[in-house]
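Below: the structure, in structure tokens.
The values are calculated or read from the model by the stated rules, or taken from the named source; none is laboratory data. Just so we're clear, the structure is a prediction, and the values are computed from it rather than from any experiment. Cβ sites come from the backbone with ideal geometry, for glycine too, and all protein chains shown count toward neighbours.
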Amino acid sequence: MATNLEVLDTIPLFAALSKRQRRKLLRGMRVFDYEPGHAIVRQGDEGETMFVVLEGEARVIRRGRTVGKLLPGDVFGEVSVFDARPRTATVQTVTRTSCLALHRDELRKMLKDEPRAAWALLGSLARRLRGD
């Protein structure tokens with residue numbers, strides 16, 4: 001199994017960060033394990049944490065309908081971390097699932113120390129919005 005740092009190395013959102021910046025980010029992250037059927041986040045709830053799926057599978061639900069699937073390497077919850085608005089969807093586990101979690105305060109702390117990382121993340125988010 002890949003290390004958590006190797007997982008971060010493969011995530012497009014973090015691709016523009018240096019290895020040192022990814023290590024620093026990883027120090028602020030924690031691993032959580034969830035049983036099948038657990039709602040990790042709920043649509044409409046306040047969100048202060050983003051997640052990276054390490055193992056397992058989860059489904060993305062909006063207004064009661066499944067609209068997507070999350071697998072290892074997928075990121076979710078980042079929108080609420082950046083804009084401090086309610087969650088746009090519910091994420092419910094299908095199988096036993098492990099996630100890396102990064103709280104907004106930990107991200108802010110890292111970005112305060114690493115302003116270039118903030119620009120790198122903004123560039124990654126812009127590319128995602130453009131569909132690149």
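Consider the stretch 33-44. How many of its residues are of a type in the set (D, E, K, R) and surrounded by 12 or more Cβ atoms within 10 Å (Cβ to Cβ)? Show your work before the answer.
So the first thing to find is which residues in the stretch 33-44 are of a type in the set (D, E, K, R), and the list is 33, 35, 42.
The next check asks that each one be surrounded by 12 or more Cβ atoms within 10 Å (Cβ to Cβ); those that pass are 33, 42.
The total comes to 2.
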inquiry  = Among (1) surrounded by 15 or more Cβ atoms within 10 Å (Cβ to Cβ); (2) over 18 Å from L125 (Cα atoms), there is one condition V67 misses while meeting the rest; what is its number?
reply    = (1)
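So, of the residues in the stretch 46-62 that are charged (D, E, K, R) and modelled with pLDDT of 95 or more, which turns out to be surrounded by the fewest Cβ atoms within 10 Å (Cβ to Cβ)? Step through it out loud before you land on a result.
Taking the stretch 46-62 first, the residues charged (D, E, K, R) are 46, 48, 55, 57, 59, 62.
Within this subset, residues satisfying the condition of being modelled with pLDDT of 95 or more are 55, 57, 59, 62.
Values: E55: 15, E57: 16, R59: 15, R62: 12.
Selected residue: R62.
Can you tell me which of T95, T66 is part of a strand (DSSP E or B), at pLDDT 95 or above and of a type in the set (S, T, Y)?
Working: T95 fails: part of a strand (DSSP E or B).
That would be T66, the only listed residue that is part of a strand (DSSP E or B), at pLDDT 95 or above and of a type in the set (S, T, Y).
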message = Consider the stretch 105-131. How many of its residues are touching a residue at least 24 places away in the same chain (Cβ under 8 Å), assigned to a helix (DSSP H, G or I) and crowded, with 16+ Cβ neighbours inside 10 Å?
response = 7
note = Of (1) more than 21 Å from D33 (Cα to Cα); (2) of a type outside the set (D, E); (3) without any contact (Cβ under 8 Å) to a residue 40 or more places away in the chain, K69 fails just (1)
request  = For residues that are acidic (D, E) and either exposed (fewer than 14 other Cβ atoms within 10 Å of the Cβ) or closer than 11 Å to L100 by Cα (or both), tally how many sit in the stretch 70-83.
outcome  = 2
query = Out of (1) in contact (Cβ under 8 Å) with a residue 24 or more places away in the chain; (2) surrounded by fewer than 15 Cβ atoms within 10 Å (Cβ to Cβ); (3) not in a strand (DSSP E or B), what's the single condition that is false for R30?
reply = (3)
